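A short worksheet on the structure shown next.
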Amino acid sequence: MKKIYETTYFGRKLRVEIGEVALQTKAGALVYYGDTCVLSVVVSKETLLNQDFFPLMVLYQEKLYAAGKIPGGFLKRESRPTEQETLASRLIDRPIRPLFDQGFNDEVQVINTVLSNDPDCSSVMAALFGSSLVLSLSDIPFLGPIAGAIVGYKDGVYIGNPTNAELGDSKINLTVAGTKDAINMVEAGAKQASEKEMLDAIAYGHAEIKKLCQFQNKIVKEIGVAKVPSKLFTISKELTTKLTKKCQAKLVKAVSIKEKLERYQAIDLIINKELELAKEVPFLKKVGEVEVFDYQEQENYLKQVKAVLDHIVTKEVRRLITVDKIRPDGRGVDEIRPLSSRVGLLPRVHGSALFTRGQTQSLGTVTLGSLKENQIIDGLTLEDSKRFMLHYNFPQYSVGETGRYGSPGRREIGHGALGERALAQVIPNEEEFPYTIRIVSEILESNGSSSQATICSGCLALMDAGVPIKAPVAGIAMGLIKEGEHYTILTDIQGMEDHEGDMDFKVAGTFDGIVALQMDIKIDGITPQILEEALNQAKKGRIEILNHMLTTLAKSREEMSPWAPKVKMIKIKPEKIKEVIGSGGKVINAIIDAHPGVKIDIEQDGRVYVMHMDKNVLEETIKAIEEIIKEAQIGAVYEGKVMRIEAYGAFVELWNGCEGLLHISKISEQRVEKVTDVLNLGDQVIVKVIGIDDKGRIDLSRKDAFTEGIPVQEKRESKPRDYQKRNDHNSSRNKDFKNKPRNN
């Protein structure tokens, strides 16, 4: 039976319809937010208890019909997920994943499909709400509900779920999610916002999240079903005691090794040895009268051995940090690993930088291209292209392993988007720097915080390329270990601290403020106090890294790489565009053919971008365009060429494509009987523009140009000879010559 529930979400109607669609799922709901409509459903499947991971899949799918669009490309249908869909799926997954019991391993799939899209009512926030609601309504043991909010900030006022126009002018673009008690996910871009402004924005969003959680609880109380008790992967207490007594001391010693690879090798050696011994344990079961080896029971036992030993490692790492205040590599809790960087290491690349922090290393490269090389976006957003891109690559060799190589996964897309969001805040606009900009970060070595190393290498590479960024940007990753009421915040976390910790909190910014923020929590959530401490500690680390970067390159280079294309923008009247292009592109193609390698981009508002690696060719191309669009000015004096003579005057070409009439009365101060008495075809004459009518016809005067006192150096063509008379004369001469007797 269909049920409808309504509330308001930042002043706009939010409606939920349940019980009509997708009735074979665990739970399904249509979520209407303004004119946005998202179908959220959840299904699950019981799996083997000895599975050592939680197979949760969260999908966000955009159907282009939702925005009245037909997909591009040859197939004309939605295919692989777009970058926006991947990022939205990750954004929904991150706050949901921590809210399942540890050890719950049933397969769960949450699918969100955008059926109708209102650009000013976020389909991602509707999908996040719908995901939480269907999980809460189902029998799956989910510890929600959660909700999310987008927060903007302009002129000292916070804006809840701002429109696209409001976001364009906003200092902060924050997405925050959490339960009614705490925040557990943050994603933000900002125009150098202060720590206080960001904290207040998070608090503002959380106030609305609490209301939406209460709204979900009301629906669940009325129509929700009882939760099925979690079937958790359990470990034998006897086995735990035995392995702890045998291996704890050795594992504690291994955890304290400072070098990453040496530490992991020592830990793996201990664990693998115990697993080999465990394989010798006989697992027999009777099948009739015969005893056979029980491979399933052996696999379950091996997983328990591995889980016990992993837990000992986790417990020791957390104890070292929270009790002894010592990190696995010996650093203090607010100490950054050793830094090094250099720029310009790739000769033919437009900009390059190598940034190393401890055992994490990123090679950043910058490529500059014409505006025609903008990335085309085929999605529901109003944005159809972008001129700044950052791509992040994480090869398996960066952690000393083998693995799959192919198209980028969710993690690579997410890390690239975070770096792009941070550096986009300081990229000059199109008018200041008319280029398409692509940064690629190649992670050459990784032990935590590779996305933040990407921001640092990307920033230095931009400066090396001569991009006039607004301010240098650095990023740092913070961690958290929380035991009860006690907690420790870590600066510049490494891989083990990220894996065994409770928080991954990435902050990027300039000396003046935050430009990007991303937080993921593995526990139920964190308090505003912890958030404030983490932000302040991150600021200290960020400034230390920025100071190091400026010792490598203090500011953007004045000169661009000789291998980088040079771009210049000129402005022409929109009505002149057709003259520059010409019929069928004839004119512009002729200019390009005359200047090989040049690129010309013309915008509808009259902006013309000319690009070439050689400045001289660039200037020549611009001069050729200016010749086409040049307009005569009344009172200006020009040198022109006589192109046509009529009884009433001469037509003079001032420059290619521009002619004016020099009337016979304006040729000389003396009376002129015939134009040809003074002018011939091809003569170079000095003329003054004395009038232009409403049809663009130009009147010229030669005699007025003389009175300007300008030295006149006119080039006169001699009058053409009468070739018929000349031929007649030569014929007569030859005839006489033949009849004349020779003088011997």
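Every number in this text was worked out from the coordinates using simple rules, so none of it is lab data. Just so it is clear, the structure is predicted and the values come from calculations on it, not from any experiment. Heads up, the Cβs are rebuilt from the backbone with ideal geometry, glycines too, and the neighbour counts pull from every protein chain shown.
Annotations
- For the chain, the 222 nm mean residue ellipticity estimated from helices alone, with every DSSP H stretch of n ≥ 4 adding -39500 (n - 2.57) and the total spread over all residues, rounds to -10500 deg cm²/dmol.
- Eligible aspartates and glutamates near K630 by straight Cα distance, threshold 14 Å, same-chain separation 8 or greater: E575, E579, E653, E659
- Separation of the M1 and V157 label points, Cα + 7 Å toward Cβ, nm: 4.5 nm
- Between region 78-102 and region 579-649, the C-alpha centres lie 52 angstrom from each other.
- In the chain, the longest principal axis of the Cα atoms and the axis of helix 295-319 are about 80 degrees apart.
- Note on S407/A636: beta-carbon distance plugged into 1/(1 + (r/R0)^6) with R0 of 56 Å gives a FRET efficiency of 0.40.
- The modelled label-to-label distance between L143 and S665, using points 7 Å beyond Cα along the C-beta direction, is 9.8 nm.
- Shape call, the chain: gyration tensor on alpha carbons, a/c limit 1.5: prolate
- Overall form of region 366-515: prolate. Here a/c, set by the Cα gyration tensor axes a ≥ b ≥ c, is 1.5 or more, and a/b is the larger of a/b and b/c.
- One decimal place: the segment T527-E619 gains 27.2 nm when fully extended, by the rule 0.36 nm per residue minus the C-alpha distance.
- Projecting the Cα positions of G541, I271, S668 onto the charge dipole of the chain (unit charges on Cβ atoms of Lys, Arg, Asp and Glu, taken about the Cα centre) puts S668 furthest along the positive direction.
- Neighbour-count order for D139, D464, D118, fewest beta carbons within 10 angstrom listed first: D139, D118, D464
- If the chain linking V292 and K245 were pulled fully straight, counting 0.36 nm for each residue of separation and taking away their Cα-Cα distance, it would gain 13.7 nm.
- Entries in K2/K221; K231/K303; K76/K586 that, when Cα-Cα distance is taken, lie over 23 Å: K76/K586
- Hz values of 3J(HN,Hα) by residue in region 257-274 - Karplus curve (6.51, -1.76, 1.60), Gly and Pro given as x: 5, 6, 6, 4, 4, 5, 5, 5, 5, 5, 5, 5, 4, 5, 5, 5, 5, 5
- Gain on full stretching of the segment that runs from H499 to V252 - 0.36 nm per residue minus C-alpha separation: 87.3 nm
- At R0 = 45 Å, FRET efficiency that the Cβ-Cβ distance of Y648 and N429 yields, to 0.05: 0.25
- Measuring nothing but how far apart in sequence close Cα pairs (under 8 Å, 6+ apart) lie, relative to its length, region 376-531 scores a relative contact order of 20 percent.
- Value of relative contact order over region 509-646, rounded to a whole percent, pairs C-alpha under 8 Å and six or more apart: 21 percent
- Share, in percent, of DSSP beta bridges within the chain that are antiparallel, nearest 5: 90 percent
- Inter-probe distance in nm under a simple model that places probes 7 Å from Cα toward Cβ, at A590 and L23: 7.3 nm
- Ordered by the count of other Cβ atoms within 10 Å of each Cβ, fewest first, V580, V110 give V580, V110.
- Within region 266-305: backbone nitrogen closer than 18 Å to the Q102 label point (7 Å, Cα to C-beta): 303-305
- Here D693 and R557 are evaluated by their C-beta separation; at R0 = 60 Å the FRET efficiency comes out at 0.70.
- Shape category assigned to region 76-210 from the gyration tensor of Cα positions, a/c cut at 1.5: oblate
- Counting other Cβ atoms within 10 Å as a rough exposure proxy, the listed residues T676, T356 run T676, T356 from fewest neighbours to most.
- For the cross-link pairs K154/K566; K245/K325; K470/K540, the ones whose C-alpha atoms lie over 27 Å apart are K154/K566.
- In degrees, nearest ten, helix 450-464 long axis to first principal axis of the chain (Cα): 20 degrees
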